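The next block holds one structure in the form of structure tokens; read it before the comments.
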């Protein structure tokens, strides 16, 4: 996954929260409404099949295929340090808790059991490599998305700096 090292983010978010919590809410809103992120979420949603491409997942059990929900999240409270860097903005793809079939068809063939007969049979019926629906929809757009989020954070960082100078 694309990674950008940004300095001063933690400090900016801390000061923003102290100085003006409403401004932090507005930054969250700006990030979630960033056109590139909205486009990425739409691309993922349109890539997800409306019904299971595998007939064996058309049931009501735990492994049933249910269409995943796609959303963005902004977590300014995540721990940002040099050892355990975390993403403060993520695109989440989560199926309903009672149907993990989407995760299975999206990722079958990835991981330690990729050589099992069942996984091989499923892979043969599915198109593409693991992360067929989610990653493929945004592949190649990571730098643009990260840059847009950093730009928004920088804009709010400047607002924080101006407010700190005037106080």
Scoring the chain by relative contact order with C-alpha pairs under 8 Å, at least six apart, yields a percentage of 27 percent
Residue 25 to residue 127: extension gain in nm, 0.36 nm per residue of separation minus the Cα-Cα distance?
-> 32.6 nm
Arrange 67, 62 by Cβ neighbour counts within 10 Å, fewest through most, would you?
-> 62, 67
Between region 35-70 and region 99-135, the Cα center-to-center distance that results, in Å = 14 Å
Where does the chain land at 222 nm, in deg cm²/dmol rounded to the nearest 500, when only DSSP H runs of n ≥ 4 count, each adding -39500 (n - 2.57), divided by all residues?
-> -15000 deg cm²/dmol
Peptides 17-26, 31-40: what's the order by average Cβ count within 10 Å, highest mean first?
-> 31-40, 17-26
Residue 150/residue 47 FRET efficiency (R0 35 Å; Cβ-Cβ; nearest 0.05) = 0.85
On a 0 to 90° scale, report how tilted helix 35-47 is relative to the longest principal axis of the chain, with both axes built from alpha carbons and the result rounded to the nearest 10.
-> 10 degrees
Name the shape class, rounded, prolate or oblate, that the alpha-carbon gyration tensor gives for region 9-162, where a ≥ b ≥ c are the square roots of its eigenvalues, rounded holds for a/c under 1.5, and otherwise prolate holds if a/b is larger than b/c and oblate otherwise.
-> prolate
Once residue 17 and residue 141 are pulled to full extension, the length gained, defined as 0.36 nm per residue separation minus their Cα-Cα distance, is 41.6 nm
Extended-chain gain in nm, criterion 0.36 nm per residue less alpha-carbon gap, residue 66 and residue 39 | 7.5 nm
Inter-probe distance in nm under a simple model that places probes 7 Å from Cα toward Cβ, at residue 165 and residue 32 | 3.2 nm
Separation between the residue 55 and residue 90 pseudo-spin-labels, each 7 Å from Cα along Cα→Cβ, expressed in nm?
-> 3.7 nm
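All of the numbers you see were taken from the coordinates with simple rules; none came from a lab. In this text, all values refer to a predicted model and were calculated from it rather than measured experimentally. Cβ coordinates were reconstructed from backbone atoms using ideal geometry, including for glycine residues, and neighbour counts include every protein chain displayed.
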